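Q: Next up is a structure, given as structure tokens.
The values are calculated or read from the model by the stated rules, or taken from the named source; none is laboratory data. Everything numeric here is computed off the predicted structure, so don't read it as measured data. With ideal geometry, Cβ positions are generated from the backbone for all residues, glycine too; neighbour counts draw on all protein chains shown.
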Amino acid sequence: MRLAKYLAQAGIASRRQAEEIIRMGRVKVNGNIVTELITLVDSKTDSIEYDGKIVGVEQHVYILLNKPPGYISAVNDPWGRATVLELVGEIKERIYPVGRLDYDTEGLLLLTNDGKFTNLMIHPRYNIDKKYEAYVAGRIKDNELMILRDGVDLEDGMTAPAGIHLISQNDRASIIRLLIHEGRKRQVKRMCAAVGHPVISLKRVAFAFLTLEGVEIGKYRYLQQDEVNRLQEIALHEL
Ligand code: URA
């Protein structure tokens, strides 16, 4: 990539400012001052210095975390609650959650430092499937399952048709699986409450084709590049 773009991506300056910095002779590539704006660099093999300091572009990383309840999906919390970043402490890149799970919700949460990827995953236009398992109060009836399936009238509008399956129930509680592709705030809890069955506990069990298989609660794994590619293809395919 062009040297100015590299410097901009590394957060040194805007692309235009980076060009100015290069012209001023403040940038070295492999030990030599470079002032030509057309200089191309390879982040894997070239050593780039700005005012004598090595400049590194963060590699993109993609993490699949099995979030326990009791962690907030944010990089910091004004109330001092534990954040999901504490569960991925050893990762040095500046990652953040892709969308959010509520404080008390558990399950599959992605984290990355790739802003473009994040936008693709959370943009309402791209409709990525998300699967939840909800433990709700009371014995849920067939007609209530039908309402959840067809669309629930929430204060921010009707929900889109959803895949709804009853897993088990008794007189006190029911377990249902919901497949939704919208990502509204507290959507599953609001849907269940709207049909008279408040959520007692909630877990996200799948995000597109990704599941929690092999990842214990509180643990994480890196996504493979082909998984990242597939997620991006799915999002773009939905356009
Ligand atoms: N729906 C909710 O209500 N909460 C979540 O954390 C995720 C989806």
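Q: For the stretch 199-212, what are the residues that are under 11 Å from residue 65 (Cα atoms) and in a loop (DSSP other than H, G, I, E, B)?
A: 212, the sole residue that qualifies.
Q: May I pose another question? Would you be able to say whether some residue in the stretch 209-217 is more than 15 Å from the ligand (Cβ to nearest atom), small (Gly, Ala, Ser) and touching a Lys or Arg at 6+ places or on another chain (Cβ under 8 Å)?
A: Looking for residues that are more than 15 Å from the ligand (Cβ to nearest atom), small (Gly, Ala, Ser) and touching a Lys or Arg at 6+ places or on another chain (Cβ under 8 Å), one finds at least one in the stretch 209-217, hence yes.
Q: Of all residues in the stretch 125-136, how many are more than 12 Å from the ligand (Cβ to nearest atom), under 22 Å from residue 199 (Cβ atoms) and either under 13 Å from the mean Cα position of the chain (by Cα) or of a type outside the set (Phe, Trp, Tyr) (or both)?
A: Of the stretch 125-136, the ones more than 12 Å from the ligand (Cβ to nearest atom) are 125-129, 135.
Adding the requirement that they be under 22 Å from residue 199 (Cβ atoms) leaves 128-129, 135.
Then drop every residue that is not either under 13 Å from the mean Cα position of the chain (by Cα) or of a type outside the set (Phe, Trp, Tyr) (or both), which leaves 128-129.
Qualifying residue count, the stretch 125-136: 2.
Q: Okay, next question. Scan the stretch 106-127 residue by residue and report those that are of a type in the set (A, V, I, L, M) and modelled with pLDDT of 95 or more. Write out each step before concluding.
A: Going residue by residue through the stretch 106-127, those that are of a type in the set (A, V, I, L, M) are 108-111, 120-122.
Within the stretch 106-127, 108, 109, 110, 111 qualify.
Q: Next up: Is the stretch 226-235 home to any residue that is of a type outside the set (Asp, Glu), surrounded by 18 or more Cβ atoms within 10 Å (Cβ to Cβ) and part of a loop (DSSP other than H, G, I, E, B)?
A: Checking the stretch 226-235: not a single residue is of a type outside the set (Asp, Glu), surrounded by 18 or more Cβ atoms within 10 Å (Cβ to Cβ) and part of a loop (DSSP other than H, G, I, E, B).
Q: What is the residue count in the stretch 14-66 for residues that are small (Gly, Ala, Ser) and modelled with pLDDT under 90? Lay out the reasoning, then the answer.
A: From the stretch 14-66, those small (Gly, Ala, Ser) are 14, 18, 25, 31, 43, 47, 52, 56; that's our starting set.
Subset that is modelled with pLDDT under 90: 14, 43, 47, 52, 56.
Number of matching residues: 5.
Q: Report the residue count in the stretch 186-197 for those that are more than 11 Å from the ligand (Cβ to nearest atom), in a loop (DSSP other than H, G, I, E, B) and surrounded by fewer than 21 Cβ atoms within 10 Å (Cβ to Cβ).
A: Total satisfying the criteria: 2.
Q: Tell me, which residue of the stretch 152-171 that is touching a Gly at 6+ places or on another chain (Cβ under 7 Å) and part of a loop (DSSP other than H, G, I, E, B) is surrounded by the most Cβ atoms within 10 Å (Cβ to Cβ)? Give the derivation first.
A: Residues of the stretch 152-171 touching a Gly at 6+ places or on another chain (Cβ under 7 Å): 158-161.
Restricting the remaining residues to those that are part of a loop (DSSP other than H, G, I, E, B) gives 159-161.
Details: 159: 22, 160: 13, 161: 13.
Ranking the qualifying residues of the stretch 152-171, first place goes to 159.
Q: Another question about this same structure. Tell me yes or no: at least one residue of the stretch 40-58 is in contact (Cβ under 8 Å) with a residue 12 or more places away in the chain, under 30 Å from residue 102 (Cβ atoms) and not basic (Lys, Arg).
A: yes
Q: Further question on the same structure: Out of the residues in the stretch 25-39 that are of a type in the set (A, V, I, L, M) and under 16 Å from residue 8 (Cβ atoms), which is farthest from the chain's Cα centre (by Cα)? Explain how you work it out, then say what you get.
A: Keep residues of the stretch 25-39 that are of a type in the set (A, V, I, L, M), which gives 27, 29, 33-34, 37-38.
Next, from what is left, pick out any that are under 16 Å from residue 8 (Cβ atoms): 27, 29, 34, 37-38.
Numbers: 27: 35, 29: 35, 34: 38, 37: 35, 38: 35 Å.
It comes out as 34.
Q: Take residue 182 and tell me if it is over 14 Å from residue 141 (Cα atoms), within 13 Å of the ligand (Cβ to nearest atom) and not in a strand (DSSP E or B). First the steps, then the outcome.
A: Values: over 14 Å from residue 141 (Cα atoms): yes; within 13 Å of the ligand (Cβ to nearest atom): yes; not in a strand (DSSP E or B): yes.
Answer is yes for this residue.
Q: Consider residue 149 carefully, then state whether it is outside any loop (DSSP other than H, G, I, E, B), over 15 Å from residue 64 (Cβ atoms), out of contact with any helix residue (DSSP H, G or I) (no Cβ under 9 Å at 6 or more places or on another chain) and basic (Lys, Arg). So that I can check it myself, show each step before the final result.
A: On the way: outside any loop (DSSP other than H, G, I, E, B): yes; over 15 Å from residue 64 (Cβ atoms): yes; out of contact with any helix residue (DSSP H, G or I) (no Cβ under 9 Å at 6 or more places or on another chain): yes; basic (Lys, Arg): yes.
Against the criterion (outside any loop (DSSP other than H, G, I, E, B), over 15 Å from residue 64 (Cβ atoms), out of contact with any helix residue (DSSP H, G or I) (no Cβ under 9 Å at 6 or more places or on another chain) and basic (Lys, Arg)), residue 149 qualifies.
Q: Note down all Cβ pairs under 8 Å where the first residue falls in the stretch 185-207 and is at positive phi, the second is assigned to a helix (DSSP H, G or I), and they're at least six residues apart or on different chains.
A: Pairs found: 196/144.
Q: Here is a list of conditions, (1) within 16 Å of the ligand (Cβ to nearest atom); (2) at pLDDT below 95, and residue 103 meets all of them except one; can you say which number that is?
A: Condition (2) is where residue 103 drops out.
Q: Surrounded by fewer than 14 Cβ atoms within 10 Å (Cβ to Cβ), under 30 Å from residue 234 (Cβ atoms) and of a type outside the set (Phe, Trp, Tyr), is that true of residue 30?
A: Numbers: surrounded by fewer than 14 Cβ atoms within 10 Å (Cβ to Cβ): yes; under 30 Å from residue 234 (Cβ atoms): no; of a type outside the set (Phe, Trp, Tyr): yes.
So residue 30 fails the test.
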